[in-house]
Amino acid sequence: MPKSCVPVVAGLLWFVGPALTQQPQAQPGTKLSADQLKAQIRVTAGRRLRPPSWPNGARVAVALSFDVDNMSSSLARGELAPVAITRGEYGAVDGLPRVLRLLDKYQVPASFFIPAVSDLLHPQMIRDILVNGRHEIAVHGWVHENLLALNNEAEEQRLLDQAIAHLTKVVGKRPVGYRAPSWAFSPYTMGQVAKAGFLYDSSLMASDDAYEVVLDGKSTGVVELPIEWILDDYPVLNVPGGVMPAPELVNQAFQSEFDIAYDEGGLFILTMHPHITGHRSRIAGLEKLILHMKSRSGVWFATHEQVARYVKEKSGR
Ligand SMILES: [Zn+2]
C-alpha cells in the first residue's frame with residue numbers, strides 16, 4: 001500500500017466501524033427477550049412535529065448550525081500537542097470570521113452551539129456572532145466533554161449547570177437549545193436536559209422532521225431538531241479521518257438532502273464546525289449550497305430556536 005493512502009484508509013475504517021474490520025464485539029443483546037430489549041431503549045421519538053406549512057407559506061425550513069468546538073475537545077481529552085490545539089484555534093482565528101462574513105453576505109441566520117470553554121478562550125467570538133442580532137447561541141457542553149466516557153451523573157450535572165450559567169451570563173439570557181458534545185448522550189443526559197427546561201435538543205436522529213422526545217415512555221416536552229452524520233461536515237471533511245476530501249461531492253449530498261426536504265415540505269438541518277467549514281475550499285462549498293437554496297422560492301431560513309418555537313406552537317403545545 002502506498003504510504004499516501006494510509007490516512008484515507010484509516011479514516012474509512014473508522015467511519016464504517018467494526019462491521020468491516022470484523023473486530024469481535026460482545027453480543028449482550030442475544031441473551032435478552034424482546035421485552036427486555038424494548039425496555040433498554042429509553043430515549044425514543046414521540047409525536048412528529050411537522051407543521052402543515054412553514055411561515056409565510058414557505059415550503060421548507062432551513063436551519064444551519066455551527067458547533068464552535070475549536071480546541072475544547074482536545075483539551076477535554078488532554079491532547080495538548082500544538083498541532084491539535086492550533087487546528088482547533090483556527091476556528092476562532094479565521095474559521096468563524098469567514099463563516100460570519102458568508103452568513104452576513106446572504107443575510108442567513110444560524111445557531112451556534114458553543115462549549116463554554118471555547119468562549120472563555122476566545123470571548124470575541126460570541127460578541128461577533130451576536131452583533132447583528134440574527135443568530136442564536138446554544139449550549140454544547142462545558143469543555144466538549146464526552147458524556148458517555150464521563151459516565152458520571154453528578155459530574156455531568158455539574159458541567160451542564162456550569163455551561164448554562166456561563167452562557168447565560170455572557171449572552172444576557174438563558175439559552176433555550178442544547179446539543180450534546182459529539183451528540184454523545186449518557187444514560188443521564190436526556191433527563192438532565194428536560195429538567196433544565198430546554199425548549200429543544202439537537203443531538204438525535206430518529207426522523208427528518210422535528211419530534212417530541214420521549215424518555216422512559218413519557219413525553220419530555222423537549223422538541224428534537226434531528227441531526228445526521230450525513231448532514232455533518234465532520235465525518236466527511238475532517239482530515240485526517242474524513243473519507244471525502246473533495247468538497248464538491250459533499251455538497252452534492254447536502255444539496256440532494258435539501259432538494260428532497262423542499263419537495264416534501266420538510267426541515268433541513270446542517271451541522272458544521274468553524275474549524276472545518278471555515279477553511280477556504282469548504283466555505284466555497286457552503287456558499288454554493290446557500291446560493292442553490294436561495295434560488296428556490298419559499299425557503300424559510302431560521303435559527304433552531306425559531307424552528308422549535310414554530311413547530312411547538314403549531315402542534316398546539
Ligand atoms: Zn461538537
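Values for this structure:
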{"item": "Cα convex hull of region 16-104 - mean projected area over all directions, nm²", "result": "12.1 nm²"}
{"item": "Shape box of region 48-146 [Cα atoms, principal axes, largest first, Å]", "result": "51, 33, 19"}
{"item": "Accessible-area composition of the chain, carbon plus sulfur, in percent [1.4 Å probe]", "result": "56 percent"}
{"item": "W183 accessible area, 1.4 Å probe, all protein chains in place, Å² to nearest 10", "result": "30 Å²"}
{"item": "Accessible-area order (highest first, 1.4 angstrom probe) of the listed residues M205, M125", "result": "M205, M125"}
{"item": "Equivalent ellipsoid semi-axes, region 222-317, via Cα gyration tensor eigenvalues times 5, rooted, Å", "result": "26, 16, 11"}
{"item": "Accessible surface, per residue, of the chain when the full set of protein chains is kept, probe 1.4 Å, Å²", "result": "48 Å²"}
{"item": "Area of L225 that stays accessible when all protein chains are in place (1.4 Å probe, Å², to 10)", "result": "0 Å²"}
{"item": "Rounded D (µm²/s) - the chain, Kirkwood Rh over Cα pairs, Stokes-Einstein at 37 °C, 0.692 mPa s", "result": "161 µm²/s"}
{"item": "Over 19 Å (Cα to Cα) - which of K105/K294; K173/K218; K218/K312; K195/K218 fall in this group", "result": "K173/K218"}
{"item": "Formal net charge of residues neighbouring L150 (Cβ-Cβ distance under 15 Å; K, R +1; D, E -1)", "result": "-3"}
{"item": "When region 104-179 is reduced to its Cα atoms, the Kirkwood hydrodynamic radius in Å", "result": "13.0 Å"}
{"item": "GNM top mover of Q157, Q192, Q40 - the chain, alpha-carbon springs below 10 Å", "result": "Q40"}
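The values are calculated or read from the model by the stated rules, or taken from the named source; none is laboratory data. Just so it is clear, the structure is predicted and the values come from calculations on it, not from any experiment. All Cβ positions, glycine included, derive from the backbone under ideal geometry; neighbour counts span all protein chains shown. Side chains included, ligands, DNA and RNA excluded: accessible areas come from the protein's heavy atoms. Shrake-Rupley method; radii C 1.70, N 1.55, O 1.52, S 1.80 Å.
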